[in-house]
Amino acid sequence: MKLTRKRALASIAGAAAVTAFPAIARSEVTALSVGQIGNSVAFFPVFAAKALGFYKDAGLDVTSTAFSSGTLVGTAVTSNSIDIGNSVITDVFALLKANRPVKLIGSLCNGYYVDIIMSNGFLDASKLTRASKLVDKINGLKGKKIGITGPGSGTQALVDYLFRLQGLDSTRDVELVNVGVDQGAILQTMKTGRIDGVSFAWPLTMIAETNNIGKGFIEPAEGDVPSMRDQIQGVVYAKPDLIAKKQAPMIAYVHAIGRTEAYLHRNPGKARELLKQYDGALSDPAIDALLKAYMPVLPQQPDIDANSYEKALQFHRLTGFAGPTGNTYPEVVDTNTMLRAIRNTK
């Protein structure tokens with residue numbers, strides 16, 4: 001029987017229906033430490049939940065730390081340095097492949113929000129545009145210097161996947177350059193020609209375009225790679241033993257994220273205001289472009305659709321970031337925690 005989100009959640013719906021959403025008395029504040037990768041837009045709800053007071057409403061004192069890579073977020077989670085990781089699903093599969101157990105407990109972005117962004121110099125010389133055929137764009141990357149945040153990242157996974165679609169090898173047919181997560185430094189590196197382009201998360205595409213440094217070249221979340229459409233990317237995860245130990249605050253955290261996601265959909269004006277606070281590098285035109293792309297992939301609530309998960313799993317199996325077997329939806333997604341958190345988030 002094909003696993004669907006409805007079937008996956010229905011199996012626990014009966015038990016959850018009689019279990020009250022765990023209330024944390026406001027006088028008893030629980031501390032939670034969470035991590036994220038830089039300030040890409042997938043982690044905007046983590047910031048917005050605090051700014052809106054939703055963590056406080058849930059009885060939580062949340063401390064968020066920005067790491068320079070998802071690998072470091074994973075290390076912090078599995079070493080108990082932080083309680084929760086807000087990251088890309090690539091990092092979760094990498095941890096599972098290394099036999100470091102974690103569970104998904106919520107969603108942050110229902111689209112692969114990492115783009116291939118190419119410099120104006122490359123675009124002028126190649127005569128390629130975003131409208132060119134995908135096969136021509138991938139072939140156009142051969143021999144070029146493409147920035148990634150670091151080895152084992154979702155940014156590398158995208159390059160690997162695209163090259164494998166054409167029978168190419170990213171270890172041989174392109175030069176991958178580790179550029180970190182500093183958006184300003186990356187754009188300067190591309191502007192001066194030290195890299196031809198970069199694989200990077202939103203909002204770098206929008207900033208590059210509004211500053212006339214480069215343009216989005218391959219944008220999976222916008223449908224440029226049909227096989228990647230509707231693939232979940234931004235996720236919330238934690239260690240199974242810590243979920244059991246801190247179940248109530250974990251549920252409260254995901255609840256606060258879900259409440260934030262629903263609020264942002266209802267209040268686009270407030271979303272714009274908070275985005276300006278979240279990323280000071282965003283101009284008004286960049287925010288316009290970002291919101292247009294981001295709102296369709298911002299979850300209405302933090303559930304993980306089984307089909308969207310399956311697309312992500314197949315993507316990461318092809319690129320080698322996930323093992324060839326296992327990692328099924330029931331094995332990786334903690335639907336009990338997720339469903340209990342979703343209650344009353346609207």
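We did not get these values from a lab; they are worked out from the coordinates using the rules stated. Owing to the predicted nature of the structure, the values given are computational and were not obtained by experimental measurement. Because the Cβ atoms are built from the backbone with ideal geometry, glycine has one as well, and the counts that use them run over all protein chains shown.
Numerical summary
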{"item": "Overall dimensions of the stretch 199-312 by Cα: Rg and Dmax, Å", "result": "16.3, 50"}
{"item": "Normalised contact order of the stretch 114-228, rounded percent, pairs of Cα under 8 Å and 6 or more residues apart", "result": "44"}
{"item": "Whole-Å distance, taken between Cα centres, linking the stretch 75-141 and the stretch 170-208", "result": "13"}
{"item": "Order by protection proxy (mean Cβ within 10 Å, highest first), peptides 175-182, 156-163, 71-78", "result": "156-163, 71-78, 175-182"}
{"item": "Distribution of pairwise C-alpha distances over the stretch 51-175, 5 Å bins, in %", "result": "2, 9, 16, 18, 16, 12, 11, 8, 5, 4, 1, 0"}
{"item": "Eligible lysines near K50 by straight Cα distance, threshold 18 Å, same-chain separation 8 or greater", "result": "K270, K276, K346"}
{"item": "Pairwise Cα inverse-distance average, inverted: Kirkwood Rh of the chain (Å)", "result": "20.3"}
{"item": "Contour excess over end-to-end distance, with Cα ends at S68 and E28 and 0.36 nm allotted per residue", "result": "11.1 nm"}
{"item": "10 Å binning of all Cα-Cα separations within the stretch 114-228, expressed as whole percents from 0 upward", "result": "15, 54, 30, 1"}
{"item": "Sites A281 and T325 - FRET efficiency at Förster radius 35 Å, r taken between beta-carbons, to 0.05", "result": "0.25"}
{"item": "Mean separation of Cα contacts under 8 Å (6+ apart) over length of the chain, as relative contact order %", "result": "28"}
{"item": "Of all DSSP beta bridges in the stretch 114-228, antiparallel share, percent nearest 5", "result": "60"}
{"item": "Entries in K191/K215; K127/K215; K137/K191; K215/K311; K144/K191 that, when Cα-Cα distance is taken, lie over 18 Å", "result": "K137/K191; K215/K311"}
{"item": "Assigned charges on the beta-carbon of Lys, Arg, Asp, Glu; the stretch 230-346 dipole about Cα centre (debye)", "result": "380"}
{"item": "Cut-off under 5 Å, modelled amide H: who pairs with L108 long-range", "result": "G234, V235, V236"}
